[in-house]
Each structure stands twice: as structure tokens, then as C-alpha cells.
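First the structure, in the form of C-alpha cells, and then the observations on it.
The values are calculated or read from the model by the stated rules, or taken from the named source; none is laboratory data. Since the model is a prediction, treat every value here as computed from it, not as a measurement. Don't worry about glycine lacking a Cβ; one is built from the backbone with ideal geometry, like all the others, and counts go over all protein chains shown. Accessible surface is based on the protein model in full, side chains and every heavy atom, while ligands, DNA and RNA are left aside. Shrake-Rupley method; radii C 1.70, N 1.55, O 1.52, S 1.80 Å.
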Amino acid sequence: MLTMMKNQLMIEQYEELLQASPNDIRLRLKDMQLIISGKDLKVCALTRDEILIEGTMEGFTFDHEA
């Protein structure tokens with residue numbers, strides 16, 4: 001589940017944080033990867049089940065893994 005607020009994105013039930021940089025955050029979800037692109041992105045809170053990302057989000061790409 002994705003919840004978006006002003007400059008914040010909460011993602012529930014993600015599996016793994018694969019990459020984090022100010023311009024790109026990549027997460028493994030159950031059947032795909034989610035790539036969040038933007039500016040000044042940062043992981044503000046991280047638990048086993050939820051991740052909170054802040055920054056200027058400009059795009060989202062879902063990459064289905066083979």
C-alpha cells in the first residue's frame with residue numbers, strides 16, 4: 001500500500017530497500033521493483049514493514065522482475 005502526502009510517501013509491506021540516493025530510491029516489493037525518482041529524496045523512517053520517503057518525487061516506475 002502506498003500513501004502519498006505533501007512531499008512524503010509511506011510504503012507498507014515492502015520487502016527490501018535496494019538503493020537510496022538523493023535522486024533515486026529502489027525498493028523490492030512482492031512481485032516487482034519500485035523505482036522512485038526525484039530530487040532531495042531521503043529515507044526518513046524505516047521499519048521491517050514500512051518505509052517513509054521524503055523529497056520532491058517526480059516519477060514512479062514499476063519494474064516486473066523475471
Study note, to complete from the structure: The percentage of the accessible area of the chain (probe 1.4 Å, all protein chains present) made up of carbon and sulfur atoms, to the nearest whole number, is 48 percent
Study note, to complete from the structure: Result for the chain: accessible area per residue, probe 1.4 angstrom, in square angstrom, of 67 Å²
Study note, to complete from the structure: Matching label for the computed Kirkwood radius over Cα pairs in Å, out of (i) 12.2; (ii) 14.3; (iii) 11.6, is (iii)
Review point. Could you give the nm distance between label points at ALA20 and GLU50, where each point is 7 Å from its Cα heading toward the beta carbon?
Key: 1.6 nm
Review point. Relative to the present Cα-Cα distance, how much length would full extension add between LYS42 and GLN8 at 0.36 nm per residue of separation?
Key: 11.3 nm
Exercise for review: Return the sequence-ordered ³J(HN,Hα) values of the range 19-24 in whole Hz as given by the Karplus equation 6.51 cos²θ - 1.76 cosθ + 1.60 applied to θ = phi - 60°, using x for Gly and Pro.
Suggested key: 7, 9, 9, x, 10, 7
